[in-house]
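K.L.:
Next up is a structure, given as structure tokens.
The values are calculated or read from the model by the stated rules, or taken from the named source; none is laboratory data. The structure displayed is predicted, hence computed values, not measured ones. Using ideal geometry, Cβ is built from the backbone for each residue, glycine included, and neighbour counts are taken over all protein chains shown. For the accessible areas, the whole protein counts, side chains as well, though only heavy atoms, and no ligand, DNA or RNA atoms are used. Shrake-Rupley method; radii C 1.70, N 1.55, O 1.52, S 1.80 Å.
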Amino acid sequence: MQPFDFSQLDTLFAPRSIAVVGASEQTSKIGGIPLDYLLRFGYDGQLHAANPRAGTVQGLRAHASLSAIGAPVDMAIVAVPQAQVAAVLDDAAAAGVRTMVLFSSGYAEMGAEGAAQQHMLAVRAQAAGIRLLGPNCLGIIRPSHQIYATFAPAVNAGLVKPGRIGLISQSGAFGVYAYSLARERGLGLSLWATTGNEADVQLADGLAWLAQDPETDVIMAYLEGCRDGPRLRAALALAQQHGKPVVMVKVGASALGAAAAASHTASLAGDDAVYDAVFRHYGVLRVHGISDFFALAASASIARAPKGRSIGLLTVSGGVGALMADDASAAGLRVPPLSAAAQRQLRDWVPFAGPRNPVDITAQVTNDASLLERSATLMLDDQPFHSWLGFFAAAGLSPVVWPSIRDLVKTLRAKHPDTLLAVSTLCPDERRAELEALGCLVFSDPGVAIRCIGALARWGEQRAPRDTPAPGGAGLCVPPGTLSEADSLALLAEAGVPVAAHRLVRTPQEAAAAVGALGGAIALKVASADIPHKSDVGGVVLRLRDADEARTAFEQIMHNVRQAQPGAHIDGALAARMVDGGVECIAGVHRDPVFGPVLMFGLGGIHVEVLRDVSLRLLPITRDDARAMVRELRAFAILDGARGRAPVDLDAIADTLCALADFAWRAGDSLVSAEINPLIARPAAEGGAIAVDALVIGQAGAGTG
């Protein structure tokens, strides 16, 4: 189901008629600023002022109310005290107003009482068919339509030019700062919007609208938290479908974040890690700093994503070249060397050059500016680099060298139209603009340049909408509460997860018989849904090889558990065949309260407890996702046969992850979490992956998934 009403959002972000409620003659007051802006900057729609205590406001007739206007009003800008908002909303409903931008504060940001009033306001607005932006927001700017539905003071310092980047922020303060930075950087905006308390319209709504807006190519978003995961996912999916990069700053932690449950999965799949998984799923370009936020958005608006990850680096400084090579590796870019013939040619031109890649032509370029174009052309003729970056220090300021840089870019653009071109140099704004008009990115910092190129390369690989398979089989319902290990293993085995041979034993005699029945050494573990961590209470004994050992171990386990947890319900003990060798892994699914089920995989033991070396994916997943989860672990080499060991069966791990994901998807809301710990990964010749222990937790009161 499509969660966005674009006809209403069109009215909010492109209103044809606006009324300012609480309009003031004083252009320094909140009620006077937006009216001043709209008049001064030439809004060409119908503009009205509502103020029952004035005859005229800033040259406009002042109406006593919205209803008194007697003409359609698409947007009401409301700048009145909180105590008057309810009456204004009733008036707006009677007047048929379609959208409202509410500056007023005193709602959820003030605590529980304010949150309750905000909820009532949202319910009443919805009943009236009014889309509400705010409260406690700074409003909207649409430069190309002269819409300034804001009291942001930054507008008085200068206008952002119209452009094709949409910027939406949950924070008004950050939004104002971003507006100012965009103006100083010369970025053109299609829309600027702040969402405030989000009683109704959320960042996701603005993002979705920008995704289908024909005047927007790139979306910038500042996100503090999300309470409606499906809505945000739907908006990001729309941006992906429309091929529009989303550059995101995510700060803070959601109050609705995952609480640690009885499994590792919940605590490891923390708020920020889940957001990372969401962003990866939809190809969002996440950045962690203001500089990269604007640099990447500008880059995405100027240049197309490269078609691969190889990059050629040209520098006039060997030290900076080494730094660029390091940065390229960190950004996931490849720096392949030039051919031997090309390297010889560079040495002929500059005997002390560094000809490999990065190519260092040294300060010799000061004596012979033609080296720039000759070297760059040689590089791109020799290797089909997907991207190329030249570092020229302060040469962009030089009246002597600048023409050579400009001509170099023109030549490369003409000969290599599919290569992403970038230059790092200090230069005036007009020279930057000249290169950017040629589709060449310009940076003062080569490190920022490489991070942006790397991000664009990743987006180029991820921008296609995902083709995720439908889950197999019918829905299922997990019993509520924490299941015993035996019941957990049974559920997962039925779902297709390979599990170690096991049986439930209730007496010392049954434990003794299990040794022969299961074959080889066995492990004996207390079976109790009340005891998720069995070893903590002395409930586990390993490597039992004969009947007497098993009988004694059973009795000892029962004694230990009754001493440690006398109130626990005990079903007996689980006897399981020991699985020797292999690598301990952990796999689990946790239902995040905002975004739904999240799959986790990592190495077990110290890797999960101390290093927290795990990868995450939103469900549903593809088999390629499962393989990628395994390979992106920092300790992947351990699975891939480090120090001469045989590599484990990676396909078997992927099969297990897919089976676990399918189980969780079909279980729906009835599942809180499911964890396999450990999952033993072995070479294919030794049996592949096998689940040794499992813990499944069902949601109390949930229906069938």
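K.L.:
Going by the structure shown, is S670 closer than 26 Å to F279 by Cβ and either of a type in the set (S, T, Y) or open to solvent by less than 10 Å² (accessible area, probe 1.4 Å) (or both)?
P.N.:
Values: closer than 26 Å to F279 by Cβ: no; either of a type in the set (S, T, Y) or open to solvent by less than 10 Å² (accessible area, probe 1.4 Å) (or both): yes.
Answer is no for this residue.
K.L.:
Of all residues in the stretch 595-609 being in a strand (DSSP E or B) and under 18 Å from the mean Cα position of the chain (by Cα), which is surrounded by the fewest Cβ atoms within 10 Å (Cβ to Cβ)? Full working, then the answer.
P.N.:
First pass over the stretch 595-609, keeping only residues in a strand (DSSP E or B): 596-603.
Imposing the further condition that a residue be under 18 Å from the mean Cα position of the chain (by Cα) reduces the set to 596-600.
Numbers: G596: 18, P597: 25, V598: 26, L599: 28, M600: 28.
Ranking the candidates gives G596 first.
K.L.:
Still on this structure: Return the residues of the stretch 200-217 that are in contact with a Ser or Thr (Cβ under 8 Å, 6 or more places away or on another chain) and small (G, A, S); say none if nothing qualifies.
P.N.:
G206
K.L.:
Within the stretch 354-367, can you find the residues that are outside any helix (DSSP H, G or I) and closer than 16 Å to A393 by Cβ?
P.N.:
Within the stretch 354-367, G354, P358, V359, D360, I361, N367 meet the criteria.
K.L.:
Which of the strands (runs of 3 or more DSSP E) contained wholly in the stretch 499-565 include at least 2 residues that are open to solvent by 40 Å² or more (accessible area, probe 1.4 Å) and at pLDDT below 95?
P.N.:
Result: 502-505, 540-544.
K.L.:
Could you run through the stretch 629-678 and say how many residues are in contact with a Ser or Thr (Cβ under 6 Å, 6 or more places away or on another chain) and in a helix (DSSP H, G or I)?
P.N.:
Residues flagged as in contact with a Ser or Thr (Cβ under 6 Å, 6 or more places away or on another chain) and in a helix (DSSP H, G or I) within the stretch 629-678 amount to 1.
K.L.:
Moving on. Every residue in the stretch 414-429 that is within 16 Å of S387 (Cα to Cα) and open to solvent by 50 Å² or more (accessible area, probe 1.4 Å), please.
P.N.:
Taking the stretch 414-429 as the starting set, the residues that turn out to be within 16 Å of S387 (Cα to Cα) are 414-424.
Selection gives A414, K415, P417, D418.
K.L.:
Can you give me the number of residues within the stretch 199-223 that are without any contact (Cβ under 8 Å) to a residue 40 or more places away in the chain and either within 30 Å of R431 (Cβ to Cβ) or part of a loop (DSSP other than H, G, I, E, B) (or both)?
P.N.:
The qualifying residues number 2.
K.L.:
Could you check the stretch 566-582 and list, in sequence order, the residues that are farther than 30 Å from D640 by Cα and surrounded by 19 or more Cβ atoms within 10 Å (Cβ to Cβ)? Can you show your working first?
P.N.:
Step one: of the stretch 566-582, the residues farther than 30 Å from D640 by Cα are 566-575.
If the condition is that a residue be farther than 30 Å from D640 by Cα and surrounded by 19 or more Cβ atoms within 10 Å (Cβ to Cβ), then I570, G572, A573, L574, A575 are the ones that fit.
K.L.:
Give S387, S370 a once-over and let me know the one that is of a type in the set (S, T, N, Q) and at pLDDT below 95. Before the answer, list the steps.
P.N.:
Numbers: S387 fails: at pLDDT below 95.
The conditions single out S370.
K.L.:
Can you tell me which residue within the stretch 22-42, out of those that are touching a residue at least 24 places away in the same chain (Cβ under 8 Å) and over 19 Å from C137 (Cβ atoms), is surrounded by the fewest Cβ atoms within 10 Å (Cβ to Cβ)?
P.N.:
Per the stated criteria, the residue is G42.
K.L.:
Looking for whichever is of a type in the set (D, E, K, R) and surrounded by 18 or more Cβ atoms within 10 Å (Cβ to Cβ) here; the options are R612, R591. Which one fits? If you could, list the steps in order and put the result at the bottom.
P.N.:
On the way: R612 fails: surrounded by 18 or more Cβ atoms within 10 Å (Cβ to Cβ).
After applying the criteria, what remains is R591.
K.L.:
Still on this model: For the stretch 430-441, indicate whether the set of residues that are within 16 Å of L314 (Cα to Cα) and either open to solvent by less than 40 Å² (accessible area, probe 1.4 Å) or in contact (Cβ under 8 Å) with a residue 60 or more places away in the chain (or both) is non-empty. Explain how you work it out, then say what you get.
P.N.:
Keep residues of the stretch 430-441 that are within 16 Å of L314 (Cα to Cα), which gives 440-441.
From what is left, the residues that are either open to solvent by less than 40 Å² (accessible area, probe 1.4 Å) or in contact (Cβ under 8 Å) with a residue 60 or more places away in the chain (or both) are 440-441.
Yes: the stretch 430-441 contains one or more residues that are within 16 Å of L314 (Cα to Cα) and either open to solvent by less than 40 Å² (accessible area, probe 1.4 Å) or in contact (Cβ under 8 Å) with a residue 60 or more places away in the chain (or both).
K.L.:
When the stretch 570-604 is examined, which residues are found to be closer than 18 Å to G539 by Cα and of a type in the set (K, R)?
P.N.:
Answer for the stretch 570-604, where residues must be closer than 18 Å to G539 by Cα and of a type in the set (K, R): just R577.
K.L.:
Answer with yes or no whether A474 is surrounded by 15 or more Cβ atoms within 10 Å (Cβ to Cβ), more than 27 Å from T377 (Cβ to Cβ) and modelled with pLDDT under 95. Quick ask: steps written out before the conclusion?
P.N.:
Working: surrounded by 15 or more Cβ atoms within 10 Å (Cβ to Cβ): no; more than 27 Å from T377 (Cβ to Cβ): yes; modelled with pLDDT under 95: yes.
Taking the combined requirement at face value, the residue does not satisfy it.
K.L.:
Now a separate question. Filter the stretch 396-413 down to residues that are in a helix (DSSP H, G or I) and open to solvent by less than 80 Å² (accessible area, probe 1.4 Å), then give me how many there are.
P.N.:
Going through the stretch 396-413 one residue at a time, the tally reaches 12.
K.L.:
Right, here's the next one. Working only within the stretch 45-67, note down all residues that are at pLDDT below 95 and either open to solvent by less than 20 Å² (accessible area, probe 1.4 Å) or of a type in the set (A, V, I, L, M, F, W, C) (or both).
P.N.:
Matches in the stretch 45-67: A54 only.
K.L.:
Pull up the stretch 1-21, narrow it to residues that are touching a Pro at 6+ places or on another chain (Cβ under 9 Å) and more than 17 Å from L138 (Cβ to Cβ), then point me to the one that is surrounded by the most Cβ atoms within 10 Å (Cβ to Cβ). Even if it seems obvious, please write down each step before you answer.
P.N.:
To start, the set of residues in the stretch 1-21 that are touching a Pro at 6+ places or on another chain (Cβ under 9 Å) comprises 3, 16-18, 20.
Narrowing the set further to residues that are more than 17 Å from L138 (Cβ to Cβ) leaves 3, 16-17.
On the way: P3: 14, R16: 14, S17: 19.
Selected residue: S17.
K.L.:
Conditions first: (1) touching a helix residue (DSSP H, G or I) at 6+ places or on another chain (Cβ under 9 Å); (2) among the polar types (S, T, N, Q); (3) buried (at least 18 other Cβ atoms within 10 Å of the Cβ). S488 passes all but one, so which condition is the exception?
P.N.:
Result: S488 passes all but (1).
K.L.:
If you don't mind, another one. In the stretch 138-162, what residues are of a type in the set (G, A, S) and surrounded by fewer than 18 Cβ atoms within 10 Å (Cβ to Cβ)?
P.N.:
Applying the first criterion (of a type in the set (G, A, S)) to the stretch 138-162 yields 139, 144, 149, 152, 154, 157-158.
Those that are of a type in the set (G, A, S) and surrounded by fewer than 18 Cβ atoms within 10 Å (Cβ to Cβ): S144, A157, G158.
K.L.:
Shifting gears a bit: When you scan the stretch 683-704, how many residues do you find that are crowded, with 20+ Cβ neighbours inside 10 Å, of a type outside the set (A, V, I, L, M, F, W, C) and either in a loop (DSSP other than H, G, I, E, B) or in contact with an Asp or Glu (Cβ under 7 Å, 6 or more places away or on another chain) (or both)? Talk me through it step by step, then tell me what you get.
P.N.:
First pass over the stretch 683-704, keeping only residues crowded, with 20+ Cβ neighbours inside 10 Å: 688-699.
Those left that are additionally of a type outside the set (A, V, I, L, M, F, W, C): 688, 693, 698-699.
Remaining after also requiring either in a loop (DSSP other than H, G, I, E, B) or in contact with an Asp or Glu (Cβ under 7 Å, 6 or more places away or on another chain) (or both): 688, 693, 699.
Adding up the residues that qualify gives 3.
K.L.:
OK, next. Identify all residues within the stretch 74-83 that are more than 13 Å from V20 (Cα to Cα) and in contact (Cβ under 8 Å) with a residue 12 or more places away in the chain; write none if there are none. Spell out how you get there, then give the answer.
P.N.:
From the stretch 74-83, those more than 13 Å from V20 (Cα to Cα) are 81-83; that's our starting set.
Result: P81, Q82.
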